[in-house]
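Asks: Just passing along the structure, written as C-alpha cells.
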Amino acid sequence: MPPSHPSIPDRASAGPPSSELRDLAPEQSGVAAVGSAALSLFASARELYSLFVRTLYYCAKGRREPGAVLVQMYEIGNKSLFFLTVVMGFIGMIMVFQAGQQAKRVIPDLTMLGATYLELLIRDLAASIGALMLATRVGAGIAAEIGSMVVTEQVDALRMCAADPIDYLIKPRFIASLLMTTCLIVWSAAVAFTTGMVTAYSMFDVSPETFMNVSLVDAGDLATGLAKCLAYGAAIPIVSGHSGLSTFGGSEGVGWATTRAVVNSSLAVIVLNMLISAAAFLIFR
Amino acid sequence: MHQVGATFLQIAATVGGMAVLAGQIATRVATLRVDGAEFMRNLYKMGVKSMPIVAVTALFTGAIMVIQAAPLVERFGAHGLLGWGAGFGTLREIAPLLTALMINGRVGANNTAELGTMVVTEQIDALRVLAIDPVSFLIAPRFLAMVLTLFLSVIFADALALLGAAFTGDLLLGVAPAVFYNGLTSGLLGIGDVMSGLVKSVVFGVVLALSSCQYGLGVTGGAPGVGRAVNATVVASAAGIFILDYFVSFTLD
C-alpha cells in the first residue's frame, strides 16, 4: 500500500483497489453501501464534468499544437480502421441475415429490407456499434497510455513544469477523437451496408438495386446519426482520459484503469445512445 | 507487404497459443485437477461483481431496442408486434452481444491485468518452483468461472432487457405490458431463439476466457506492458466475438 493513498471518495470512484485494501476496509451494509455508491457516482460525475469543461477551455484558449493532434488522429483513426472494418463487416452480415430470416416469417416480401436496414444503420447501428468498438479500442489505449505516464510520474513532471496535463494530454486526444470518430463511423456505415447488400443478394436474392433504397432516410435520421457521432467522439476520450489520470498503484493500477476506461466509456455510449435516441424520436416523429 | 505478413503471423501465433492453452485447460478439466477455492473466488469476483453493469446495460439496451423500433411500429400501427420485434432482436443478438462486450471490458481486461501483473512480478514462476501447476491452479478455474459468468449473465440480461423494453414501450408508445407480453409469447418466438442466444453466450465466454488468459500470460515489460496487453486483449476479444457471432448464427439456422 502506498503511504499516501487517495481519499476515500477517490478510492471508491476509482473502482476496486487491490485485494488487501478490500480485506482491510470494513464491509459496508444496507443504506451505507447505497449511500457511498451514490456519493462516489456523484463525485465521478462532477470530476468528469470539470474535466470536460477544462478540455473545452483549452481547446479554445490553450496552445496550438497541430502536430500532437495529427499524431493522435493517426493513433485513433488509422490504427482502428482495420479492426472497425472487420467488426462492422460481420455486423452487416449478421444483421441482414437475422432480419431477413425473421421478416420471412411475418411478411414474405423482402423489398423493403434494404431501405429499413439503411435507415436503422444511419440512425443508430453504425454510430452505436462503431462507438462501442472505439470505446474498447481507443478508450483502452488512452487509459493505458496515460495510466502508464501517471504511474511512471511523467504526469507529475508535467505539473512540475507548470503544464496542465489536460492541455498536453487530453486536449489533443479530444480533438482527434471528435474528428476521427465521425470519419470512422461514416466509413463503418458504408462497410456494414456493403456487406449487408452482399448477404441480401446471396441469401435472399434481393438485388443490389432494390437493396440500395434511400427512400426512408430523411434529414432527421442524418441529424440523429451525426449527433451521436459527435457525442460519442467527445465522451470516449473524456471518460477514458479521466480514468487514466486517476490511476494509482503500479502495473496493477494501469490494468484497473484500462478496465475502468473500457467499462465506463461503453456505459457512456449506451446511456448517450438512449438519451439521444429518445430525444430524436420525440423531436422527429 | 512485410507488415501484412507480420500481422498475419502474429494473429496465427496468438490463435495457435490459444488452441494450445485450450488443450491444456481441457486435460486439467477432464482429469478434475481444478482448484475449487480459486474457482469460487473468481466466480464471485467475475460474476457477482459484474451484476450492476450487466443490469444497467440490459435495461438500457431494452429501452434502445424499443426506441429504434418505435417509428416502424407507429408507421404500420403494429403495436402487437412490438413484443415480437424487441424480443427476437434482444434474445438472439443484442443481449448476448452487448453482455459479452461489457463482460469483456470488465472481466476479460481485469483478468489479463491480474495475470499480467503476476507474470511481471514473477509469481507464476514462483508457483512452478513450488511444483504447483499454474494451469490447474490459476488458468482453468478462471476459464470455467468466466464461461459460467457469461452464461448466467446472459440469462439475467435477457430478462432485464425485456423488462426495460416493456417499460419503455408502455412509456413511449402506450403499449401496455400485457400487449407486449402477448406479442412475446404469441408463437412467433420459440425456445429456439432463447437457446440460440445461450449457445452464443457459451461460445463468447470461451473466446473471452482464452484470449484474456493468453494475453495475460504473454505480458512482457513491466507496467506499460500490462497496459498494452489489456488493450490488445479487449480488442482481440471484441473482434473474436463478432466474427464468431456470425458463424454461430449462420450454423444455428
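Asks: Just to be sure I understand the filter: pairs with C-beta atoms under 6 Å, separated by 6 or more residues or on different chains, first member in region A:38-49 and more than 18 Å from B:P52 (Cα to Cα), second member modelled with pLDDT of 90 or more. Which pairs pass?
Replies: Here the result reads A:L48/A:H242, each pair linking region A:38-49 to a residue that is modelled with pLDDT of 90 or more.
Asks: Tally time: how many residues in region B:63-98 are facing chain A (nearest Cβ under 10 Å) and not in a helix (DSSP H, G or I)?
Replies: The total comes to 1.
Asks: Among (1) modelled with pLDDT of 90 or more; (2) not in a helix (DSSP H, G or I), there is one condition B:A131 misses while meeting the rest; what is its number?
Replies: The number of the failed condition is (1).
Asks: I've got another one for you. Test each condition in (1) more than 11 Å from every other protein chain (Cβ to nearest Cβ); (2) closer than 13 Å to B:A113 by Cα for B:L198 and report the one that comes out false.
Replies: (2)
Asks: Please work out which residue is farthest from the other protein chains (Cβ to nearest Cβ), limiting yourself to region B:35-58 and to residues that are in contact (Cβ under 8 Å) with a residue 60 or more places away in the chain and crowded, with 20+ Cβ neighbours inside 10 Å.
Replies: B:G47
Asks: Conditions: (1) touching a residue at least 24 places away in the same chain (Cβ under 8 Å); (2) over 21 Å from the mean Cα position of the chain (by Cα). B:A6 meets all but one. Number of the miss?
Replies: It is condition (1) that B:A6 fails.
Asks: In region A:188-226, what count of residues is obtained for those that are outside any helix (DSSP H, G or I) and acidic (D, E)?
Replies: Number of matching residues: 2.
Asks: Further, regarding this structure: Inside region A:66-131, counting only helices (runs of 4 or more DSSP H) that do not spill past its ends, which hold 1 or more residues that are within 23 Å of B:P96 (Cα to Cα)?
Replies: A:79-106, A:113-120
Asks: Name the residue that is farthest from the other protein chains (Cβ to nearest Cβ), counting only residues in region B:99-128 that are assigned to a helix (DSSP H, G or I) and of a type in the set (D, E, K, R).
Replies: Filtering first and then ranking leaves B:R128.
Asks: Condition check: over 22 Å from the mean Cα position of the chain (by Cα) and in contact (Cβ under 8 Å) with a residue 60 or more places away in the chain. Does A:V198 satisfy that?
Replies: When the stated conditions are applied, A:V198 passes them.
Asks: Go through region B:30-58 and count every residue that is in contact with a Phe, Trp or Tyr (Cβ under 8 Å, 6 or more places away or on another chain) and assigned to a helix (DSSP H, G or I).
Replies: 5
Asks: Checking the condition more than 10 Å from chain A (Cβ to nearest Cβ) and either touching a helix residue (DSSP H, G or I) at 6+ places or on another chain (Cβ under 7 Å) or in contact (Cβ under 8 Å) with a residue 12 or more places away in the chain (or both), which residue from B:L252, B:L244, B:L172 passes?
Replies: The conditions single out B:L252.
Asks: Being surrounded by 20 or more Cβ atoms within 10 Å (Cβ to Cβ), away from every other protein chain (no Cβ under 14 Å) and either assigned to a helix (DSSP H, G or I) or in contact (Cβ under 8 Å) with a residue 60 or more places away in the chain (or both), is that true of even one residue in region A:148-159?
Replies: No, region A:148-159 contains no residue that is surrounded by 20 or more Cβ atoms within 10 Å (Cβ to Cβ), away from every other protein chain (no Cβ under 14 Å) and either assigned to a helix (DSSP H, G or I) or in contact (Cβ under 8 Å) with a residue 60 or more places away in the chain (or both).
Asks: In contact (Cβ under 8 Å) with a residue 60 or more places away in the chain, under 27 Å from the mean Cα position of the chain (by Cα) and away from chain A (no Cβ under 14 Å): does that describe B:L152?
Replies: When the stated conditions are applied, B:L152 passes them.
Asks: Condition first: out of contact with any Ser or Thr (no Cβ under 8 Å at 6 or more places or on another chain) and touching a residue at least 40 places away in the same chain (Cβ under 8 Å). Now tell me which residues in region B:193-212 satisfy that.
Replies: Scanning region B:193-212 gives B:D193, B:V194, B:G197, B:L198, B:V199, B:V202, B:V203, B:F204, B:V206, B:A209, B:L210.
Asks: Starting from region B:134-146, take each residue that is touching a residue at least 60 places away in the same chain (Cβ under 8 Å) and within 11 Å of B:G216 (Cβ to Cβ) and list its partners that are assigned to a helix (DSSP H, G or I) and among the aromatic types (F, W, Y), counting only C-beta distances under 9 angstrom and pairs at least six apart or across chains.
Replies: Short answer, once both residue conditions are applied: B:R142/B:F39.
Asks: Mind checking whether some residue in region A:103-115 is more than 8 Å from chain B (Cβ to nearest Cβ) and polar (S, T, N, Q)?
Replies: Scanning region A:103-115, I find at least one residue that is more than 8 Å from chain B (Cβ to nearest Cβ) and polar (S, T, N, Q), so the answer is yes.
Asks: Right, next: May I ask you to say which residue of A:T247, A:T259 is outside any helix (DSSP H, G or I), within 14 Å of chain B (Cβ to nearest Cβ) and buried (at least 24 other Cβ atoms within 10 Å of the Cβ)?
Replies: Going through A:T247, A:T259 in turn, the sole match is A:T247.
Asks: So which residues in region A:202-244 are on the phi < 0 side of the Ramachandran plot and charged (D, E, K, R), if there are any at all?
Replies: A:E209, A:D218, A:D221, A:K228
The values are calculated or read from the model by the stated rules, or taken from the named source; none is laboratory data. Small disclaimer: the values here were computed from a predicted structure and weren't measured. For neighbour counting, all protein chains shown are included, and Cβ atoms are generated from backbone atoms with ideal geometry for every residue, glycine included.
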